[in-house]
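The structure under discussion appears below in the form of structure tokens.
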Amino acid sequence: ATSVLIAALTLTIFGYTLWKYPTEIKLFIRHKINWAVFALGLIMVITILTGDATWHAKAVGLVMDGRYLLAFLAFRLLVRIDSQFWHKALEKLPRILTIIGVILAIVGLVQVTLMPRDFLTIFGYSFDGVAPYVSIDQGENLRAFATLAGPNNFANYLLITLFAALFMAWKSKGRSKVVYTSSAFVIILGLMASSSRAAFLAAAVSLAVLILSSVKISKKVIVAGLASLAV
């Protein structure tokens, strides 16, 4: 239901923009961040076509991952249509996300260090549904996930809050910069406690995209870097 809603909203937003602001669509398509998203979508499609999983599993994977790309593109388009409104509306969002990320990370760290491994059974977690704990390779080392559905979900949410903290650290000065930098460090510790390899890779790729989009780098260096990554 969530995926259908996101798809419907995305089509509505793009349709409205194409009808009302056709020039914005052209400028939107040319933006390099959007091209990175298009490239990721293409990689997903190629992976599905060449993978060994069943077509049902491939379709589920495409829907689960593709909805985030659609939501991201739709929101970026909304910001382009009325940037002043959205900048005001979202002015406090990075601060809120940073606070949420720190709390979530601390809960996850406490979960794997201080609390009994099955303490989440108090909140209804059970092995008949969502397990109260997850370990690495069924061993003794636990993976943090706070009160979410699992370590990967936990890490995915932390990634969003991590970049909010990094953004605030970058734009702040003095004591505020120290606070947000420390917050980012705590969130990174939470990510490490999740042992989510997918989140580690996503963090590395996101940082690379952020750097490439913020710093002027020669095309030769970019091509060489992409070639190295492919190898």
Task: Checklist (1) aliphatic (A, V, I, L, M); (2) crowded, with 18+ Cβ neighbours inside 10 Å; (3) farther than 24 Å from residue 100 by Cα applied to residue 203, failing item - done: (3)
TODO: Return the residue satisfying two criteria in turn: it lies in the range 119-178 and is more than 20 Å from residue 100 (Cβ to Cβ), polar (S, T, N, Q) and in a loop (DSSP other than H, G, I, E, B), and of such residues it is farthest from the chain's Cα centre (by Cα).
DONE: 126
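For (1) without any contact (Cβ under 8 Å) to a residue 12 or more places away in the chain; (2) not in a helix (DSSP H, G or I), each residue gets a yes or a no:
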{"residue": "3", "(1), (2)": "no, no"}
{"residue": "14", "(1), (2)": "no, no"}
{"residue": "58", "(1), (2)": "yes, no"}
{"residue": "61", "(1), (2)": "no, no"}
{"residue": "64", "(1), (2)": "no, no"}
{"residue": "72", "(1), (2)": "no, no"}
{"residue": "88", "(1), (2)": "yes, no"}
{"residue": "91", "(1), (2)": "yes, yes"}
Open item on the list: If a residue must be hydrophobic (A, V, I, L, M, F, W, C) and either modelled with pLDDT of 85 or more or in contact with a helix residue (DSSP H, G or I) (Cβ under 6 Å, 6 or more places away or on another chain) (or both), how many such residues does the range 82-100 contain?
Closed with: 6
- [ ] Take the range 16-31 and flag every residue that is open to solvent by less than 90 Å² (accessible area, probe 1.4 Å), within 14 Å of residue 73 (Cβ to Cβ) and in a helix (DSSP H, G or I).
- [x] 17, 24, 25, 27, 28, 29
Open item on the list: Would you confirm, using the coordinates I've provided, whether residue 167 is modelled with pLDDT under 90, surrounded by fewer than 15 Cβ atoms within 10 Å (Cβ to Cβ) and among the aromatic types (Phe, Trp, Tyr)?
Closed with: no
TODO: Inspect all residues belonging to the range 74-97 and state whether any of them is surrounded by fewer than 17 Cβ atoms within 10 Å (Cβ to Cβ) and within 21 Å of residue 204 (Cβ to Cβ).
DONE: no
Open item on the list: Being of a type outside the set (Lys, Arg), surrounded by 14 or more Cβ atoms within 10 Å (Cβ to Cβ), farther than 30 Å from residue 30 by Cα and touching a Lys or Arg at 6+ places or on another chain (Cβ under 6 Å) is true for just one of 134, 130. Which residue is that?
Closed with: 134
Open item on the list: Given (1) modelled with pLDDT under 90; (2) open to solvent by 70 Å² or more (accessible area, probe 1.4 Å); (3) in contact with a helix residue (DSSP H, G or I) (Cβ under 8 Å, 6 or more places away or on another chain), identify the lone condition not met by residue 106.
Closed with: (1)
Task: Selected residue (only one of 189, 226 is open to solvent by 40 Å² or more (accessible area, probe 1.4 Å), within 24 Å of the chain's Cα centre (by Cα) and over 26 Å from residue 40 (Cβ atoms)) - done: 189
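The values are calculated or read from the model by the stated rules, or taken from the named source; none is laboratory data. Treat the numbers as computed from the prediction; the structure is a model and nothing was measured. For neighbour counting, all protein chains shown are included, and Cβ atoms are generated from backbone atoms with ideal geometry for every residue, glycine included. Accessible surface is based on the protein model in full, side chains and every heavy atom, while ligands, DNA and RNA are left aside. Shrake-Rupley method; radii C 1.70, N 1.55, O 1.52, S 1.80 Å.
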